[in-house]
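The structure under discussion appears below in the form of structure tokens.
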Amino acid sequence: MAFLVKAYGADAGIMVSASHNSYQFNGIKIFDENGYKLPDKIEDRIEYLVFEGLLSYKYPTCADIGEVDYGSDALFDYVNHLKSTVQGDFGGMKIAVDCANGSAYEIAEELFRDLGAECHVLHNTPNGTNINEKCGSTNLKSLSDYVVKNHMDLGIAFDGDADRCIAVDENGEKADGDAIMAICALDMFERGKLAKNTIVGTVMTNMGFWEFCKKNGINFEATKVGDRYVLENMLANGYNFGGEQSGHIIFHDFSTTGDGELTAIQLINVLKRKKMKLSEAKNIFTIFPQVIVNVNVDNNKKCLINNDEMVLKTISEVQERLNGNGRIIVRESGTEPLIRVMVECMDMEQSQNIAEKVGGKILERLS
């Protein structure tokens, strides 16, 4: 959608999407005429008009409504655009692709096979309600099992709207957004393609990634969680690469938004050019053990987390205990009725205990 809006000279693009969630969380994603997601301020204005301004709005009727054209070449145009971003082909590679029963279900197979790979496609039969159901970037088990059982070179998993990409190596082990960013960014840096030698990530980016950047002389900037904030930073400062641990990765030289299929072929292009297995490539940085606990709360109570004295005191005590050798981040989910508690340090058991303690306090205070 982001590509087609700009390529076709449209005024806007509208997509129904549950992102990485189940179909009950369907929402609307809107792109402007340049292929960028709308900023929060404009989204808020649209929501106000929809929910508050209905009585005064005059809807068009009959012939004034307009007409519909079906873009029969849209898939072809998009696939050709993606193929133009890589050099050579993927001949000789065996790749398993999990489409999450979402929007990549038709495009992915054509894309990878056009690029010469032996492509095995999983979860590509959407019925409107099975999107992300026990599959996709948030549930890698079936993909990992398939890769190992069928001796694939690697596996790729998208989420429902295919703006995320997570990979698994030939051993079925996960390579998340941080690992993919490290592999691609180092390659861009070595080839002089990383603008201002800078990567933009978020506060959730693993601490090991920060150390990787320091070690390789690459600058790192962190934003709030959300690919829109990563992109805002990139646009404001002239950077061309950034992303999130969740697999939203933005190659701004080729796209105005996170694009899972673009990310996948950029990753595979690096592996093919360097003649490396993913298991080898993803070990270029040491991951700090990270534990995330999701606390279910009423959607209307999520914002209270920022002002509850007992919760804030518990978080402060944890930060003192970690003493610079780890960190804790507590934030509201942007799409679900959840508070996420992330703890990161070199001791997994300690991370788990801290996350559960803080999560318990949040549940006690906000339930």
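The coefficient of translational diffusion for segment 210-367, derived via Stokes-Einstein from the alpha carbon Kirkwood radius under 25 °C and 0.890 mPa s, stands at 137 µm²/s.
Equivalent ellipsoid semi-axes for segment 73-120, as square roots of 5 times the alpha carbon gyration tensor eigenvalues: give them largest first, rounded to whole Å.
On the way: eigenvalues 56, 49, 10 Å².
Semi-axis lengths for segment 73-120 are 17, 16, 7 Å.
Note that segment 94-149 shows a convex hull volume over its alpha carbon atoms of 65 Å³ per residue. Past the 26 Å Cα-Cα mark, which pairs from K141/K193; K37/K134; K215/K282? Check vs 26 Å cut-off fails for K141/K193; K37/K134.
Among 148-158, 202-212, what's the highest-first ranking by average C-beta atoms within 10 angstrom per residue?
Numbers: 148-158: 21.5, 202-212: 20.0.
Most protected by this proxy first, the peptides run 148-158, 202-212.
From largest to smallest, the equivalent ellipsoid semi-axes obtained for the chain from the alpha-carbon gyration tensor read 31, 30, 20 Å. Which residue fluctuates most in the GNM of the chain (Cα springs below 10 Å): L322, L262, L304? Greatest mean-square fluctuation among the candidates belongs to L304.
Multiply the residue gap between N219 and A7 by 0.36 nm, knock off their C-alpha separation, and tell me the result in nm, one decimal place. Intermediate results must be reported in sequence, preceding the final value.
Working: separation 212, 0.36 × 212 = 76.32 nm, distance 3.24 nm.
Gain on extension, N219 to A7, equals 73.1 nm.
Distance from the alpha carbon centroid of segment 338-366 to that of segment 175-242 works out to 26 angstrom. Once both labels are positioned 7 Å from their Cα atoms along Cα-to-Cβ, the gap between S22 and E133 label points is 1.0 nm. Ligands, DNA and RNA left out, the accessible area of segment 1-125 computed with a 1.4 Å probe is 54% carbon and sulfur. For segment 1-147, dividing the convex hull volume of the Cα atoms by the residue count gives 152 Å³ per residue. In the context of the full set of protein chains, the chain has a per residue accessible area of 51 Å² (1.4 Å probe). T138 contributes about 80 Å² of solvent-accessible surface, heavy atoms of the protein only, 1.4 Å probe. Note: segment 124-253, Cα convex hull, 120 Å³ per residue.
Given a Förster radius of 35 Å and the C-beta distance between N325 and R45 as r, what FRET efficiency does 1/(1 + (r/R0)^6) yield to the nearest 0.05? List each step's numbers first, then the result.
On the way: r = 44 Å, r/R0 = 1.27.
The formula returns an efficiency of 0.20 here.
A195 label point, 7 Å along Cα→Cβ, cut-off 15 Å on backbone N: hits in segment 250-286? Residues passing the 15 Å test: 250-258.
The values are calculated or read from the model by the stated rules, or taken from the named source; none is laboratory data. On a predicted model such as this, the values are computed, not experimentally measured, just so you know. Quick reminder, even Gly has a Cβ in these numbers, built from the backbone with ideal geometry, and neighbours come from all protein chains shown. Areas reflect the complete protein model, heavy atoms only, side chains present, ligands, DNA and RNA absent. Shrake-Rupley method; radii C 1.70, N 1.55, O 1.52, S 1.80 Å.
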